[in-house]
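> Sharing a structure with you now.
The values are calculated or read from the model by the stated rules, or taken from the named source; none is laboratory data. Owing to the predicted nature of the structure, the values given are computational and were not obtained by experimental measurement. So basically every Cβ, Gly included, is an ideal-geometry build from the backbone, and we count neighbours across all protein chains shown. We work out accessible area using only protein heavy atoms, side chains counted, and drop any ligands, DNA or RNA first. Shrake-Rupley method; radii C 1.70, N 1.55, O 1.52, S 1.80 Å.
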Amino acid sequence: MPELPEVEVTRRRIVAPMLGARITGVRLGAPLRWPLGIEPTALVGRRVQQVGRRGKYLLIELDHGGLLLHLGMSGSLAWWDDAPPPGRHDHFDLCTDRGTLRLHDPRRFGAVLYVDGAEDARARKLLGALGVEPLEPAFEPVSFHAALRGRRAPIKSVLLAGDVVVGVGNIYASEALFRAGIRPTTPASRLGRTRVARLHAAIREVLQRALDVGGSTLRDFRVNGQDGHFQLELWVYGRAGEPCRVCGTPIRAIRLGQRSTFYCPRCQPR
DNA sequence: TAATTTGCCTGATAGC
DNA sequence: TGCTATCAGGCAAATT
């Protein structure tokens, strides 16, 4: 499942070959989450000027407009110097004079949409409410604490909502909360400065570490066939019933906001 | 078959 | 009572 580290790893792997590439064609497979929003032929001839990221969105900036990509829950991108014929789940090809960027997405929760500059209505709607980037200096304990006050929802749900801090998905939310010793069900507003500071540090650590090792490989995340290795360092996620690596207590699994959640009842007290 | 996954959307509710 | 922010639940697609 692509979370922020996986998206950033993807961005870094595709940016070099794509910079300056000129679009020669677009191939659309089965419909994704939203329509592209432009006639594919209208993109031919435009050049890639930058490949950026905001939260879990990738932004391919062109000399006019750009493409906003989201990998959903099963999407992955590959860069091919010479692309083979598309497979059943290859739903989008951006063909250029340098090679092809291909989106593989079996469950099609991903999206590719054309945005006409920074003021584009669809882009503003998707990106406008996003929280702070967790690995940037703007993410710091004092404002994080302030943002959590008044949120009565469980802290894990608030992290997943993405309007306070972006990029913390289901896996990393459970992992960060374990490292901070905070139970996922704790109302966000009940966290004091000390625990918020611990959570802040834990989020940065877990995301930075995942980024360093190339992202998680859970389900089918991979970039050009290379796996990430973060799954070897999971402390609670997917470990229901197994002993906590710290205290030996069986890891508990619950549903929180329709999502599976894991925690150690002893290391993460109420 | 039901469960699983993400993030947007809708309708309900809390709080000012 | 009315407004806004927040919250819980639903949905999409494919696989197991």
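> Return the total of residues in the range A:158-179 being open to solvent by 40 Å² or more (accessible area, probe 1.4 Å) and more than 10 Å from DNA strand B (Cβ to nearest atom). Full working, then the answer.
From the range A:158-179, those open to solvent by 40 Å² or more (accessible area, probe 1.4 Å) are A:160-161, A:163, A:179; that's our starting set.
Now restrict to residues that are more than 10 Å from DNA strand B (Cβ to nearest atom): A:179.
Residues flagged as open to solvent by 40 Å² or more (accessible area, probe 1.4 Å) and more than 10 Å from DNA strand B (Cβ to nearest atom) within the range A:158-179 amount to 1.
> A further question follows. Identify the residue in the range A:233-270 that is of a type in the set (D, E, K, R) and within 16 Å of DNA strand C (Cβ to nearest atom) and, among all such residues, is least open to solvent (accessible area, probe 1.4 Å).
A:R259
> Residue by residue through the range A:23-37, note down the ones that are open to solvent by 40 Å² or more (accessible area, probe 1.4 Å), under 27 Å from the mean Cα position of the chain (by Cα) and away from DNA strand C (no atom under 16 Å from the Cβ).
A:R27, A:G37
> Among the residues of the range A:105-113, is there at least one that is more than 17 Å from the chain's Cα centre (by Cα), of a type in the set (D, E) and at negative phi?
no
> With more than 11 Å from DNA strand B (Cβ to nearest atom), hydrophobic (A, V, I, L, M, F, W, C), assigned to a loop (DSSP other than H, G, I, E, B) and touching a residue at least 12 places away in the same chain (Cβ under 8 Å) as the only criterion, which of A:L135, A:L130 stands out?
Unique residue meeting the criteria: A:L135.
> I'd like the full set of residues that are touching a Leu at 6+ places or on another chain (Cβ under 8 Å), among the hydrophobic types (A, V, I, L, M, F, W, C) and not in a strand (DSSP E or B), limited to the range A:33-85.
Of everything in the range A:33-85, those that are touching a Leu at 6+ places or on another chain (Cβ under 8 Å), among the hydrophobic types (A, V, I, L, M, F, W, C) and not in a strand (DSSP E or B) turn out to be A:W34, A:L36, A:L43, A:L71.
> Any residue in the range A:98-113 that is among the charged types (D, E, K, R) and part of a strand (DSSP E or B) sitting within a Cβ distance under 8 Å of a residue that is within 16 Å of DNA strand C (Cβ to nearest atom) and open to solvent by less than 40 Å² (accessible area, probe 1.4 Å)? List the pairs, counting only those 6 or more apart or interchain.
Within 8 Å, the pairs are A:R102/A:D90; A:R102/A:F92.
> Return the residues of the range A:57-73 that are buried (at least 21 other Cβ atoms within 10 Å of the Cβ) and either under 19 Å from the mean Cα position of the chain (by Cα) or within 16 Å of DNA strand C (Cβ to nearest atom) (or both); say none if nothing qualifies.
The answer is A:L58, A:I60, A:L67, A:L68, A:L69, A:H70, A:L71.
> Count, please, the residues in the range A:167-187 that happen to be touching a strand residue (DSSP E or B) at 6+ places or on another chain (Cβ under 7 Å) and either away from DNA strand C (no atom under 16 Å from the Cβ) or within 17 Å of A:E140 (Cα to Cα) (or both).
Count: 3.
> Does A:R53 count as within 16 Å of DNA strand C (Cβ to nearest atom) and open to solvent by 40 Å² or more (accessible area, probe 1.4 Å)?
Details: within 16 Å of DNA strand C (Cβ to nearest atom): no; open to solvent by 40 Å² or more (accessible area, probe 1.4 Å): yes.
For A:R53, the condition - within 16 Å of DNA strand C (Cβ to nearest atom) and open to solvent by 40 Å² or more (accessible area, probe 1.4 Å) - is not met.
> Also, I was wondering about something else. Consider A:E133 against the criteria (1) touching a Lys or Arg at 6+ places or on another chain (Cβ under 9 Å); (2) within 16 Å of DNA strand C (Cβ to nearest atom); (3) open to solvent by less than 30 Å² (accessible area, probe 1.4 Å); (4) under 14 Å from A:K56 (Cα atoms): it satisfies all of them except one. Which criterion is unmet?
(2)
> Here is a follow-up. Has the range A:59-81 got at least one residue that is away from DNA strand B (no atom under 16 Å from the Cβ), among the polar types (S, T, N, Q) and more than 20 Å from A:D120 (Cβ to Cβ)?
no
> State whether the residues of the range A:114-129 include one that is open to solvent by 20 Å² or more (accessible area, probe 1.4 Å), touching a Pro at 6+ places or on another chain (Cβ under 8 Å) and at pLDDT below 90.
There is no residue in the range A:114-129 that is open to solvent by 20 Å² or more (accessible area, probe 1.4 Å), touching a Pro at 6+ places or on another chain (Cβ under 8 Å) and at pLDDT below 90.
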